[in-house]
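Inspection log for the structure reproduced underneath, given as structure tokens.
The values are calculated or read from the model by the stated rules, or taken from the named source; none is laboratory data. No experiment lies behind these values; they were computed from the predicted model shown. No Cβ is skipped: glycine too gets one built from the backbone with ideal geometry, and neighbour counts run over all protein chains shown. Quick note on the areas: whole protein, heavy atoms, side chains included, nothing else; ligands and nucleic acids left out. Shrake-Rupley method; radii C 1.70, N 1.55, O 1.52, S 1.80 Å.
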Amino acid sequence: MSEPLPTGTGQTHAPTIHPDGKRRWIYPDRRKGHYSAKRQKLAFLLILIYLCVPFLSFNGLPLLRIDMMSQVISFFGQSFRFRDASYLFFLFVIPALTLFLVTSVKGRIWCGYACPQTVWTDWVIRPIEELLEGPAARRKVTDSRPFSFGIALRKLSKHVIFFILASFLSHVLLAYFVDPVLLLSWLSSSPTEHWGTFLAVLSVTFIMYLDFAWFREQFCAFLCPYARFQSVMMDDHTPVVSYDSRRGEPRGRRGAAKGDCIDCQLCVRVCPTGIDIRKGLQLECIQCARCADACNMVMKNLGRSSDLIREISSAGDQGKQKDRLLTNLSRPKNLVFLILLMLFTTLFIWRLAHRQAVEVSLTRQAGPAYSRLDDGSYANLFHLHLSNTENKDQNIQLNSMTEGIRLLCSGCQIPLKAFEEKKFSILVIADSPGHKIVHVQFLPGEQLLEIPMILPDQS
């Protein structure tokens, strides 16, 4: 297998750019095959998930929502406030470690199979284009001709559909950040009543439209940060889409001395980023394996063995290992990723299992350590901060569990709404002197709080 190259052997510019710097439009042909069938099934499932998730609930909470109005993240029956940094840390680290592990073990399959850019462009945008303007070869010829009324009408229809689709998807995206009921009320009211939201949705709509209509594979080639750092996680043991040059070369259509590659260029014509996989692994390759499906079809028609282009690691190509999932997972780097992923996932689950419904913080009043009351008892003044961590109302009751200790506070019986915070003062009164640790019970939940009092020593 050829060594990884930035843009392919002998190339001095990106495949989507002409040598003079102008945009080179890509017209990827479509061929059916094993990889395409898997990608299509997964793509339709992901599209369904994207459209449905913001409107689903679990355990009385949104299945997934980053509520900007209340500054709360809901995730599979759990809710976290924006300031719950310890929980949000896990929500970012666990997906990142999963992506690192998958990339190291299976290559850049996120880009080719699950990335929204690939899913929407490959399985929604280009099929609309093919329906209105025909297959890739016809579109390429049409775009080279002068504009006519028929061409203009088809292109106008295409762009109107793209804009409507972008507007629809931007509103679905908004449903991940606001309550759908509130969103529906906004849709039925004038934009002047909520200018900020209207302008935000309009901006996202135009960004999506520009991506659908013009940017497309340019995003993968020039903007996507993952394309830049994914090579750090890949090595000789990571499967990639590769051309078998030993079997394919020298290229030619006839002759006993020729290899299996007949240089039909179909692998290039089907590539959504316009690369020639025969020049080696390149930055623009998203591992969609469309070239492998096209090449397998040609090999089948010629009566030759398939997998001239296939997914294989460099070590597997050289016979050093078999590309098996367990074998790849057992390698040191992948074991580190796997152990870290399991560790952080376990810690996250443990934190959730021990999460308190009401978080309590206690600070002592500045000034004298204690005061003596008229009845001879001693009092310490504290400031209590209560924070409801759940998306449901709580009725808090404070009871002293220590004999000889009384509580005097405005918040000893207090309702807390969902995610509400309240601060109040509490006077802890001891009937007799002596150093005491006071246990205060919070109901419901029977949570205990230890309050260290400062009192005069009996001696």
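Taking the longest Cα principal axis of the chain as reference, the axis of helix 290-302 is set at about 30 degrees. What's the carbon and sulfur percent of the chain's accessible surface, probe 1.4 angstrom, rounded to a whole number? That share works out to 63 percent.
With contacts taken as Cα pairs under 8 Å at a separation of at least 6 residues, the chain carries a relative contact order of 16 percent.
Each residue of the stretch 129-143 was assigned a 3J(HN,Hα) from its phi angle through the Karplus curve 6.51 cos²θ - 1.76 cosθ + 1.60 (θ = phi - 60°); the sequence is 4, 5, 5, 8, 10, x, x, 4, 4, 5, 5, 5, 5, 4, 5 Hz, with glycine and proline shown as x.
Straightening the chain between SER371 and HIS159 buys 68.6 nm, computed as 0.36 nm per residue apart minus the Cα-Cα spacing.
Restricting the calculation to Cα atoms, the stretch 109-181 yields a radius of gyration followed by a Dmax of 15.7, 49 Å. Solvent exposure of the chain, expressed per residue, is 54 Å² of accessible area, with all protein chains present and a 1.4 angstrom probe. Roughly how tilted is helix 34-52, in degrees to the nearest 10 and between 0 and 90, from the longest Cα axis of the chain? Helix 34-52 and the main axis of the chain meet at about 40 degrees.
Once the Cβ-Cβ distance of ARG324 and LYS422 is raised to the sixth power relative to R0 = 51 Å, the FRET efficiency obtained is 0.35.
Within the chain, the longest run free of exposed loop sites, counting GluC sites (Glu not before Pro) that sit outside DSSP helix and strand states (H, G, I, E, B) and have at most 15 other Cβ atoms within 10 Å, spans 1-402.
What are the chymotrypsin sites (Phe, Trp or Tyr not before Pro) within the stretch 132-164 that DSSP puts in a loop, where the Cβ has at most 11 other Cβ atoms within 10 Å?
Answer by residue number: PHE147.
For LYS258, a cut-off of 17 angstrom between C-alpha atoms picks up no lysines at all, skipping any fewer than 8 places away in its own chain. For the stretch 101-121, backbone nitrogen atoms closer than 17 Å to the point 7 Å from LEU223 Cα along Cα-to-C-beta are found at 111, 115-121. Three principal axis extents describe the C-alpha atoms of the stretch 170-269; from largest down they are 75, 31, 23 Å. Shown are ASP374, ASP20, ASP67, ASP307, whose ranking by accessible area with a 1.4 Å probe and every protein chain present, most to least, is ASP374, ASP20, ASP307, ASP67. The calculated FRET efficiency for PHE44 paired with ILE454, based on their beta-carbon distance and R0 = 60 Å, is about 0.35. Considering helices alone, the calculated mean residue ellipticity of the chain at 222 nm is -11500 deg cm²/dmol, with DSSP H runs of length four and up weighted by -39500 (n - 2.57) and normalised per residue. Judged by the gyration tensor of its Cα atoms, with axes a ≥ b ≥ c, the stretch 149-213 is prolate; a/c meets the 1.5 cut and a/b is the larger of a/b and b/c.
Taking the C-alpha atoms only, the angle from helix 85-106 to the longest principal axis of the chain is near 20 degrees. Modelled spin labels at LYS22 and LEU184, positioned 7 Å past Cα toward Cβ, are 5.1 nm from each other.
With all pairs of different C-alpha atoms in the average, the Kirkwood value for the hydrodynamic radius of the chain is 27.5 Å. Note on the stretch 26-129: percent of Cα-Cα distances in each 5 Å bin, starting at 0 and stopping at the bin with the largest distance, equals 2, 10, 15, 17, 17, 15, 12, 7, 4, 1.
Using the Cβ-Cβ distance between CYS409 and TRP214 with R0 = 51 Å, the FRET efficiency computed as 1/(1 + (r/R0)^6) comes to roughly 0.20.
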